[in-house]
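Just below is one structure, and these are the notes that go with it.
The values are calculated or read from the model by the stated rules, or taken from the named source; none is laboratory data. Since the structure is predicted, the reported quantities are computational estimates derived from the model, not experimental observations. Heads up, the Cβs are rebuilt from the backbone with ideal geometry, glycines too, and the neighbour counts pull from every protein chain shown. With ligands, DNA and RNA removed, areas are computed over all heavy atoms of the protein, side chains included. Shrake-Rupley method; radii C 1.70, N 1.55, O 1.52, S 1.80 Å.
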Amino acid sequence: MNDLLRRLLFLPPQLSRHARDVDGLHFFVVITTLVAGFLIFATALVFMIRYRRRREGEATPEVQPKHWHEAVFVGVPLAFFLLWFAIGYPQYVETTQPPPGAMDVFVQGKKWMWKFAYQGGPSSIDVLRVPAGRPVRLLITSRDVIHSFYVPELRLKQDALPGRYTQTWFQADQPGRYQVFCAEYCGLSHSGMLAELVVLPAPEFDIWIAEQRRGEARAQDAALTGSERSMPGSSILDQGRRVAADQGCLKCHSVDGSRHIGPTFIDLYSRHEKLTTGEVITADEAYLTRSMMDPAAQLVAGYQNVMPSFQGRMTPPEVAAVVEYIKSLKTPATDAGPSEGPVYEPIPR
Ligand code: CUA
């Protein structure tokens, strides 16, 4: 049934279970609204014929609807809207909650291309390779204007916003090549802002990424043997550590748990922080990014509003790298309790 309707509506194949669910809701909404529209027109037609004016000057009786009529007219459509919500909301929650253990890919929109970077390398332009049957989390941002990452086969569309990270995830089940579009008008070549999603069988993907990383390591060795030493670090973590040091983050934020001008970075990720407003937030990717772009917006209680904004001073990949760096700073065996002395992470400079 689902597949038949998909063909009838000329929709692309469903690459994930999520796509099937989205289509299911879509078909349900289309069918109920079609049936309702048909009933309304049929009623109008019957009334037109049955209550037509037969004589000049003839008046039809005035009808006062009863209360239960009104209740039905309001209640039935309302019930349908609530039903759509009840089906759609869990789907929304699912697409916005990546499962633990999903592979992270950083996505950056830029006029007019898509860049993809894997944790620990490599990075690529306009080709996103993912393993089939494994969850992939996308951390999406933009370098300039608002773009929107859109893969019809995944029924997945997520805005890419400058200075902010949005996340979504998917699990593609069928190996193959699929088109990535930009779904937010972003200027002259918006329609040409295309990329390709290549879903590889998982073992093939593992081989590919291992090869890429080996190649990168070789290239880096070659670069290091030369006099040039300005090449970026090998992984996102190294890059994040370097950026955090270069931008002066570490002058105010310790990485060993000691209190300084700003909150310590160690165990900061997913920590619950109380703000000056009394609100308690979780320090997730979105909060960490926002704190770099607009530090005054959500200030942790007990700290002064002295941090400058890094909006425009760091590129989105640098912000992503710092976020990854912060995420990596964890005291080992956190079950030992925070009172234990945290392990000091040395900062290579
Ligand atoms: Cu990018 Cu439209």
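Being without any contact (Cβ under 8 Å) to a residue 40 or more places away in the chain and within 16 Å of the ligand (Cβ to nearest atom) is the filter here, so list the residues in the stretch 167-182 that pass it.
Correct list: Gln179, Phe181.
Please specify each residue of the stretch 61-95 satisfying the condition of being farther than 30 Å from Leu156 by Cα and hydrophobic (A, V, I, L, M, F, W, C).
Val63, Trp68, Ala71, Val72, Phe73, Val74, Val76 - these are the residues of the stretch 61-95 that are farther than 30 Å from Leu156 by Cα and hydrophobic (A, V, I, L, M, F, W, C).
Enumerate the pairs (first residue in the stretch 263-274 and in contact (Cβ under 8 Å) with a residue 40 or more places away in the chain; second residue anywhere and crowded, with 18+ Cβ neighbours inside 10 Å and acidic (Asp, Glu)) with beta-carbon separation below 8 Å, excluding pairs fewer than 6 apart on the same chain, so at least 6 apart or on different chains.
Pairs that qualify, where the first residue is in contact (Cβ under 8 Å) with a residue 40 or more places away in the chain and the partner is crowded, with 18+ Cβ neighbours inside 10 Å and acidic (Asp, Glu), are Pro263/Glu273.
Could you list, in sequence order, all residues of the stretch 105-125 that are more than 16 Å from the ligand (Cβ to nearest atom), open to solvent by less than 60 Å² (accessible area, probe 1.4 Å) and in contact (Cβ under 8 Å) with a residue 60 or more places away in the chain?
Across the stretch 105-125, the qualifying residues are Phe106, Ala117, Tyr118, Gly120, Gly121, Pro122.
So which residues in the stretch 252-277 are hydroxyl-bearing (Ser, Thr, Tyr) and either modelled with pLDDT of 85 or more or out of contact with any His (no Cβ under 7 Å at 6 or more places or on another chain) (or both), if there are any at all?
Within the stretch 252-277, Ser258, Thr264, Tyr269, Ser270, Thr276, Thr277 meet the criteria.
Can you tell which of Pro12, Pro61 is at negative phi and surrounded by 10 or more Cβ atoms within 10 Å (Cβ to Cβ)?
Going through Pro12, Pro61 in turn, the sole match is Pro12.
Kindly indicate which of Leu128, Leu138, Leu200, Leu154 is more than 16 Å from the ligand (Cβ to nearest atom) and open to solvent by less than 10 Å² (accessible area, probe 1.4 Å).
After applying the criteria, what remains is Leu154.
Check Ala301, Ala336, Ala297 and return the single one that is surrounded by fewer than 19 Cβ atoms within 10 Å (Cβ to Cβ), modelled with pLDDT under 85 and among the hydrophobic types (A, V, I, L, M, F, W, C).
From the options Ala301, Ala336, Ala297, the qualifying one is Ala336.
Of everything in the stretch 307-317, what is out of contact with any helix residue (DSSP H, G or I) (no Cβ under 7 Å at 6 or more places or on another chain) and either open to solvent by less than 60 Å² (accessible area, probe 1.4 Å) or at pLDDT below 80 (or both)? Give them in sequence order.
Once the filter is applied, which keeps residues that are out of contact with any helix residue (DSSP H, G or I) (no Cβ under 7 Å at 6 or more places or on another chain) and either open to solvent by less than 60 Å² (accessible area, probe 1.4 Å) or at pLDDT below 80 (or both), the stretch 307-317 yields Gly312, Arg313, Thr315, Pro316, Pro317.
Residues are listed down the side, and each one gets a yes or a no for (1) assigned to a helix (DSSP H, G or I); (2) modelled with pLDDT of 85 or more; (3) within 16 Å of the ligand (Cβ to nearest atom):
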| residue | (1), (2), (3) |
| --- | --- |
| Glu184 | no, yes, yes |
| Asp206 | yes, yes, no |
| Arg218 | yes, no, no |
| Ser230 | no, no, no |
| Ala245 | yes, no, no |
| Leu250 | yes, no, no |
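Within the stretch 266-279, which residues are under 15 Å from Leu299 (Cα atoms) and surrounded by 19 or more Cβ atoms within 10 Å (Cβ to Cβ)?
Leu268, Glu273
Filter the stretch 157-182 down to the residues that are under 13 Å from the mean Cα position of the chain (by Cα) and part of a loop (DSSP other than H, G, I, E, B), then identify the one that is surrounded by the most Cβ atoms within 10 Å (Cβ to Cβ).
Out of the qualifying residues, it is Tyr165.
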